[in-house]
């Protein structure tokens, strides 16, 4: 099974304060550490598990500057075979659709049966790239995948999609296909030092938009459907009701309010 | 020429170790501190993650890190919890005599066993009457044909009794003091057993036992080096262990300081976060100063080792300074937390308890000063 996994370098904002930068279109990243997008980490693991089970190759793709090599090499260290980094100033301001165009152009040049992406990026939370990529490649997709089973002939797969309330929807799909992987599908491994050293020796092919056969106008703001205007902080609400009384009284008042609003 | 930057590979394994500490150690740290249970599943996880026997060469089944890289990993693990880190550090301590003094055959055999599955190793030198004074070791090893028979009681042994392999120091000639000490590879089995499990002030996820040697017969081929080389092997092993203690101390101090900085930014008194008060800010600054210096010391000592240069003095300096820093920083962190810091509900009193042992084990800081003093005045 030839597989392609798309990974993204994202800031780790879980326990950090996030501030809008002076351009108003980004956040201050000086004090933030960066890591692989959480769901992408699970996508990498799923690809490697499939490779270990039935054989095949895992190609890693990332869009970003050379700092993304850190995340690409981590995927290689865990068992990825080859890597491509798409780097081009023309990509600045791209929305998920424009990024998917660049990824699709890169994937089309590879032999692939299965493309895996994370379901959702931790930074912009758009959940667009994987689905748009499938559309551009003209292959079926499944999003929020929580289970993958390769069927015996290796030409079809069975996937479980996570729905609301813990429900799973099972589908059988023809390959090639694109899956957007949900966190929790597996237990991502830790890269070993041996793997890290082997990954350090691997070449990461760096490609511009032109190398992929795209015109710069097809990506960036010009090639996007959505253009980021600005970030703003949520407006702090004015109405807060402070409940008075001893704990028993305040608990009773709170319960009454929740009931009245139909929240419980 | 000086270069303070880590290589890309060092940064990557540092990140892996940090993530491992954050996900696999931190969530369990308080529970195992409280219960003093031994976290067996942690040994399996560390094995699977490739974090056991870090500086044993790949050809013997280890991770093949240089010593500096292994210490960088050690700092991250101790940042998670020094008790958990101690389990893996005791593996290093217990197996390093084999690495330093073993024949090719011994290294292949014993590291083959230790690295093929989740295992524990221990080093058994200390005895009730022989702590800093290793020449007073009472345990004996008597040659009988093609075996040695070991008898004696060891104490305060990390991973002791549980270990798959213990490197035991016993006297083959009591009349010679330290020059009569010899080192033996003792596999788990008949003749070696755990005695009392110690109840400790800190590093409570790690198991510390007495180790009882009762007519423990080991093949003569399990002697490391020659008879009488035990003390030298122990000192060479401790040189490395002292640098590891330094890196672990930095890990504890850093974890504690991070907690203090976060708390000081949130805790409001007199209408302002306490971090804005200079009295508190200066305490935090002093922590940062000390931790920065401590890290440079352990890195320098470890770097000397990777260059094949002498590092006994630097190891002693690093061990003393880093553990003293960990003690001072964690004590001040409790102070920054005030009353909450003293409560077990918050993690910082644990840091203080975990820091203390680092001033004591692998040669007390007083012994370290003797080592340093002797070297600089000889």
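The values are calculated or read from the model by the stated rules, or taken from the named source; none is laboratory data. On a predicted model such as this, the values are computed, not experimentally measured, just so you know. Because the Cβ atoms are built from the backbone with ideal geometry, glycine has one as well, and the counts that use them run over all protein chains shown.
Out of A:154, A:166, A:109, one residue alone is under 16 Å from residue A:58 (Cα atoms) and out of contact with any helix residue (DSSP H, G or I) (no Cβ under 7 Å at 6 or more places or on another chain). It is A:109.
Is at least one residue of the range A:52-60 within 21 Å of residue A:98 (Cα to Cα) and in contact with a helix residue (DSSP H, G or I) (Cβ under 6 Å, 6 or more places away or on another chain)? Checked against the condition, which is being within 21 Å of residue A:98 (Cα to Cα) and in contact with a helix residue (DSSP H, G or I) (Cβ under 6 Å, 6 or more places away or on another chain), the range A:52-60 yields at least one hit.
When the range B:26-44 is examined, which residues are found to be within 14 Å of another protein chain (Cβ to nearest Cβ) and without any contact (Cβ under 8 Å) to a residue 24 or more places away in the chain? Show your work before the answer.
As a first pass, look at the range B:26-44 and keep what is within 14 Å of another protein chain (Cβ to nearest Cβ): B:26, B:41-42, B:44.
Of everything in the range B:26-44, just one residue is within 14 Å of another protein chain (Cβ to nearest Cβ) and without any contact (Cβ under 8 Å) to a residue 24 or more places away in the chain, namely B:41.
Would the range A:121-143 turn up any residue that is surrounded by 14 or more Cβ atoms within 10 Å (Cβ to Cβ) and within 14 Å of chain B (Cβ to nearest Cβ)? Among the residues of the range A:121-143, not one is surrounded by 14 or more Cβ atoms within 10 Å (Cβ to Cβ) and within 14 Å of chain B (Cβ to nearest Cβ), which makes the answer no. Looking across A:205, A:222, A:226, one residue alone is under 30 Å from residue B:18 (Cβ atoms) and surrounded by 10 or more Cβ atoms within 10 Å (Cβ to Cβ). It is A:205. Considering the range A:14-25, and only residues there that are loosely packed, with under 12 Cβ neighbours inside 10 Å and on the phi < 0 side of the Ramachandran plot, the residue that is farthest from the other protein chains (Cβ to nearest Cβ) turns out to be A:23. When you scan the range A:167-179, do you find a residue that is surrounded by 18 or more Cβ atoms within 10 Å (Cβ to Cβ) and either in a loop (DSSP other than H, G, I, E, B) or within 14 Å of chain B (Cβ to nearest Cβ) (or both), even just one? Within the range A:167-179, one or more residues are surrounded by 18 or more Cβ atoms within 10 Å (Cβ to Cβ) and either in a loop (DSSP other than H, G, I, E, B) or within 14 Å of chain B (Cβ to nearest Cβ) (or both). A single member of B:169, B:156 is under 24 Å from residue B:197 (Cβ atoms), touching a helix residue (DSSP H, G or I) at 6+ places or on another chain (Cβ under 8 Å) and not assigned by TED's automatic domain parsing to the domain that holds residue B:15, and it is B:169. Of all residues in the range B:330-378, those satisfying the criterion of being under 24 Å from residue B:131 (Cα atoms) and assigned to a loop (DSSP other than H, G, I, E, B) are B:360, B:361, B:362, B:363, B:364. What are the residues in the range A:214-264 that are under 24 Å from the mean Cα position of the chain (by Cα), over 24 Å from residue A:24 (Cα atoms) and in a loop (DSSP other than H, G, I, E, B), if any? Listed by number, the list holds a single entry, A:214.
Kindly establish whether residue A:202 is outside any loop (DSSP other than H, G, I, E, B), within 28 Å of residue A:46 (Cα to Cα) and within 14 Å of chain B (Cβ to nearest Cβ).
Working: outside any loop (DSSP other than H, G, I, E, B): no; within 28 Å of residue A:46 (Cα to Cα): yes; within 14 Å of chain B (Cβ to nearest Cβ): yes.
So residue A:202 does not fit the description; no.
Could we say that residue A:117 is part of a strand (DSSP E or B) and more than 18 Å from residue A:196 (Cβ to Cβ) here? Judged against the criteria, residue A:117 is a match.
Test residue B:63 against the criterion of being at pLDDT 95 or above, more than 26 Å from residue B:350 (Cβ to Cβ) and either crowded, with 17+ Cβ neighbours inside 10 Å or within 11 Å of another protein chain (Cβ to nearest Cβ) (or both), and give yes or no. Please lay out each step first, then the result.
Numbers: at pLDDT 95 or above: yes; more than 26 Å from residue B:350 (Cβ to Cβ): yes; either crowded, with 17+ Cβ neighbours inside 10 Å or within 11 Å of another protein chain (Cβ to nearest Cβ) (or both): yes.
Taking the combined requirement at face value, the residue satisfies it.
Taking (1) surrounded by fewer than 17 Cβ atoms within 10 Å (Cβ to Cβ); (2) closer than 16 Å to residue B:118 by Cα; (3) within 10 Å of chain A (Cβ to nearest Cβ) in turn, residue B:23 satisfies each apart from (2). Out of curiosity, is residue B:106 in contact with a helix residue (DSSP H, G or I) (Cβ under 9 Å, 6 or more places away or on another chain) and free of Cβ contacts under 8 Å to residues at least 40 places away in the same chain? It is false that residue B:106 is in contact with a helix residue (DSSP H, G or I) (Cβ under 9 Å, 6 or more places away or on another chain) and free of Cβ contacts under 8 Å to residues at least 40 places away in the same chain. Tallying residues that are touching a helix residue (DSSP H, G or I) at 6+ places or on another chain (Cβ under 6 Å) and surrounded by fewer than 20 Cβ atoms within 10 Å (Cβ to Cβ) within the range B:175-189 yields 2.
Mind listing just one residue for me: the one in the range B:50-60 that is outside any loop (DSSP other than H, G, I, E, B) and surrounded by fewer than 19 Cβ atoms within 10 Å (Cβ to Cβ) and, of those, nearest to the other protein chains (Cβ to nearest Cβ)?
Keep residues of the range B:50-60 that are outside any loop (DSSP other than H, G, I, E, B), which gives B:58-60.
Right, trim to surrounded by fewer than 19 Cβ atoms within 10 Å (Cβ to Cβ) and you get B:58-59.
Working: B:58: 7, B:59: 12 Å.
The qualifying residue nearest to the other protein chains (Cβ to nearest Cβ) is B:58.
Scanning the range B:103-124 for residues that are crowded, with 24+ Cβ neighbours inside 10 Å and not in a helix (DSSP H, G or I) yields a count of 5.
Filter the range B:152-172 for residues that are in a loop (DSSP other than H, G, I, E, B) and closer than 8 Å to residue B:211 by Cα and give the result. Talk me through it step by step, then tell me what you get.
Within the range B:152-172, the subset in a loop (DSSP other than H, G, I, E, B) is B:159-164, B:172.
If the condition is that a residue be in a loop (DSSP other than H, G, I, E, B) and closer than 8 Å to residue B:211 by Cα, then B:160, B:161 are the ones that fit.
Among the listed residues B:371, B:280, B:333, identify the single one that is closer than 26 Å to residue B:25 by Cα, at pLDDT 95 or above and not assigned by TED's automatic domain parsing to the domain that holds residue B:89. Answer to the check: B:333. Does residue B:75 satisfy being assigned to a helix (DSSP H, G or I), out of contact with any strand residue (DSSP E or B) (no Cβ under 6 Å at 6 or more places or on another chain) and without any contact (Cβ under 8 Å) to a residue 40 or more places away in the chain? So residue B:75 does not fit the description; no.
Just checking, how many residues over the range B:1-20 are closer than 12 Å to residue A:190 by Cβ and at the interface with chain A (Cβ under 8 Å from one of its Cβ atoms)?
Step one: filter the range B:1-20 for residues closer than 12 Å to residue A:190 by Cβ, giving B:12-13, B:15-20.
Keeping just the survivors that are at the interface with chain A (Cβ under 8 Å from one of its Cβ atoms) gives B:12-13, B:15-16, B:19-20.
Qualifying residue count for the region: 6.
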